[in-house]
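Working notes, structure below.
The values are calculated or read from the model by the stated rules, or taken from the named source; none is laboratory data. This one's a predicted model, so the numbers in the text were calculated from it and none came from an experiment. Counting neighbours? That spans all protein chains shown, and the Cβs are built from the backbone with ideal geometry, glycine included.
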Amino acid sequence: ASLLGLESVNSASEIADRMGMPQLEVRPFEIAGAAGPAGFGASEVHAFEVRLRDAMARFDFVDVMSAGEDGSTRQCRGNPPRSVFSLTGLAEAHQGGTFSLLVRLTDRCGGTIIWSTAFEDLRRGAELPASEYRVVRDIASAVMQSYGVLPTRARAQARADAPGSGFGCIAQSFAVLRGEDSTTAAQARGCLDQWVTRDNGFGTLHAVRAMLLLDEAQRSSDRPLDPAMLDEMQREAELATDLSPNSAYSAKVLASVEFFRGERDAALAAADRALALNPLDYDVAATVGTIMIGLGKPEQGEAVLAFARGHGAARSPMQDVYLAIAAFMREDEIAATGLVSTLQAHPSAQGRIALALTLHALGRLEEERGVVALLARETPGGAAGVSRLVHHLLPIPDSYDRVMGALEAAGLPQLADASRG
């Protein structure tokens, strides 16, 4: 699997074991009843199994076992305990050149089936590759995305049963990044730091650590960013990709960091690499879409983001912010109209910036001025704080200048002065 940095001395499975990473076994698929109609048999079913195992192995934070390896429930009670899952398939051929496939995901530690689905009207022969793609894509969307069935369950189990494990620290960090509980960024970083000190070769730990630093930087508006923090964030992101060259998550984090620092070409290169490493990781694709919008490519970015969300990417308020920026840049009143009610539910400063831009695109200037007044009054740092947040969202001068021009035309400096008075 691409989940870990492959050290020269230790194998990926050894690293996964020490980290307490969840384990997934893709078992040989079975055929119901007899061999079925002529021409249908084990080779076609095996092709699905191989394609699926290879696709699952591209995802981060899961140890996908090689063909022939058996998952062991002993890992459930190991030190640290690990989540253990198995994916099984049962194929049944039908007349007319089609077959069906029943797929199940089982939590072997709990002994329960946690997800299942059935695919009908799959095609054989020359159309078999298209059937394979459909099956792999749909399973990846439901099971393997960062908030799919398997990672969500594994993170919950790690936080409950092994919070101090490497994967437990990653689970805490994901909770912080999503605002899911009271765990603080400092606590999550402290957990990661202990593991980094103990063993510096876990590439994804460095990527998650860089992401926590980036999240903190993106929220800061009351003062200029600490250059030492920015340098640390860059080092962590680069080290992650060095240690985990096949990790789409690490490449995505590097793209996000390069974008935040205004390194246009480096951000696009890392984003392209992240997409190539795992085309089925739609959460990665969603991030790439927001980066494209931020780099002044609203049409491309909006298309990539919409595609990712349509295939199971976890939705976030920040994605809505960038969709609003894209609608503003393209002067798309239809898109802007569809975002107003969503953005009104986002009380963050970034959400209010986006809401002001959608209202501007719609010509609702009095309402825009009201939102800008709220921004000026409640954003730490006033007008300068708003400017910093816009720069965090849009580090490329052309895009930044255009957005700040709209906010200033709505009275940002004067409203900020009035709020201080």
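Out of all the residues in segment 96-135, which are surrounded by fewer than 13 Cβ atoms within 10 Å (Cβ to Cβ) and touching a Lys or Arg at 6+ places or on another chain (Cβ under 8 Å)?
Passing the criteria: Ile113, Ser116, Ala130.
Identify, please: which residue in segment 145-167 is touching a strand residue (DSSP E or B) at 6+ places or on another chain (Cβ under 9 Å) and surrounded by 24 or more Cβ atoms within 10 Å (Cβ to Cβ) and is, among those, nearest to Val208 (Cα to Cα)?
Ala154
Can you tell me which residue among Ala313, Ala326, Ala373 is within 30 Å of Ala266 (Cα to Cα), part of a helix (DSSP H, G or I) and aliphatic (A, V, I, L, M)?
Exactly one of Ala313, Ala326, Ala373 is within 30 Å of Ala266 (Cα to Cα), part of a helix (DSSP H, G or I) and aliphatic (A, V, I, L, M), namely Ala326.
Tell me yes or no: at least one residue of segment 116-125 is among the aromatic types (Phe, Trp, Tyr) and either touching a residue at least 40 places away in the same chain (Cβ under 8 Å) or under 17 Å from Met56 (Cα atoms) (or both).
Within segment 116-125 (the criterion being among the aromatic types (Phe, Trp, Tyr) and either touching a residue at least 40 places away in the same chain (Cβ under 8 Å) or under 17 Å from Met56 (Cα atoms) (or both)), the answer is no, since none of the residues qualifies.
Could you look through segment 168-216, keep only residues that are among the basic types (Lys, Arg) and crowded, with 17+ Cβ neighbours inside 10 Å, and pick out the one that is farthest from Arg235 (Cα to Cα)?
Arg189
Under 8 Å between Cβ atoms, at least 6 apart or on separate chains: pull out the pairs that start in segment 287-309 with a residue that is at positive phi and end on any residue that is of a type outside the set (D, E, K, R).
Gly296/Met329; Gly296/Ile396; Gly296/Ser399
Name the one entry in Ala16, Ala35 that is within 21 Å of Ala171 (Cα to Cα) and modelled with pLDDT under 90.
None of the others qualify; the one that does is Ala16.
Just one of the numbered conditions (1) surrounded by 21 or more Cβ atoms within 10 Å (Cβ to Cβ); (2) farther than 30 Å from Val253 by Cβ; (3) under 25 Å from the mean Cα position of the chain (by Cα) is not true of Ala140; which one?
(2)
Among the residues of segment 220-233, which ones are of a type in the set (D, E, K, R) and either surrounded by 14 or more Cβ atoms within 10 Å (Cβ to Cβ) or on the phi > 0 side of the Ramachandran plot (or both)?
Glu232
Yes/no matrix, rows are residues, columns are (1) surrounded by fewer than 15 Cβ atoms within 10 Å (Cβ to Cβ); (2) of a type in the set (D, E, K, R); (3) on the phi < 0 side of the Ramachandran plot; (4) not in a helix (DSSP H, G or I):
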residue: Thr337; (1), (2), (3), (4): yes, no, yes, no
residue: Val340; (1), (2), (3), (4): no, no, yes, no
residue: Leu343; (1), (2), (3), (4): no, no, yes, no
residue: Leu357; (1), (2), (3), (4): no, no, yes, no
residue: Val390; (1), (2), (3), (4): no, no, yes, no
residue: Asp398; (1), (2), (3), (4): yes, yes, yes, no
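Kindly indicate whether any position in segment 234-245 is hydrophobic (A, V, I, L, M, F, W, C), assigned to a helix (DSSP H, G or I) and crowded, with 24+ Cβ neighbours inside 10 Å.
Yes, that holds for at least one residue.
Only one of (1) touching a Ser or Thr at 6+ places or on another chain (Cβ under 6 Å); (2) within 28 Å of Gln157 (Cα to Cα); (3) of a type outside the set (Gly, Ala, Ser) is not met by Arg82, so which one is it?
Condition not satisfied by Arg82: (1).
In the list Leu225, Leu122, which residue meets the criterion of being of a type outside the set (S, T, N, Q), under 30 Å from Gly96 (Cβ atoms) and not in a helix (DSSP H, G or I)?
Leu122
Can you find, within segment 259-270, the residue that is farthest from Met144 (Cα to Cα) among those that are part of a helix (DSSP H, G or I) and without any contact (Cβ under 8 Å) to a residue 24 or more places away in the chain?
Checked segment 259-270; the qualifying residue farthest from Met144 (Cα to Cα) is Asp265.
Can you find, within segment 46-74, the residue that is farthest from the chain's Cα centre (by Cα) among those that are β-branched (Val, Ile, Thr) and modelled with pLDDT of 85 or more?
Val50
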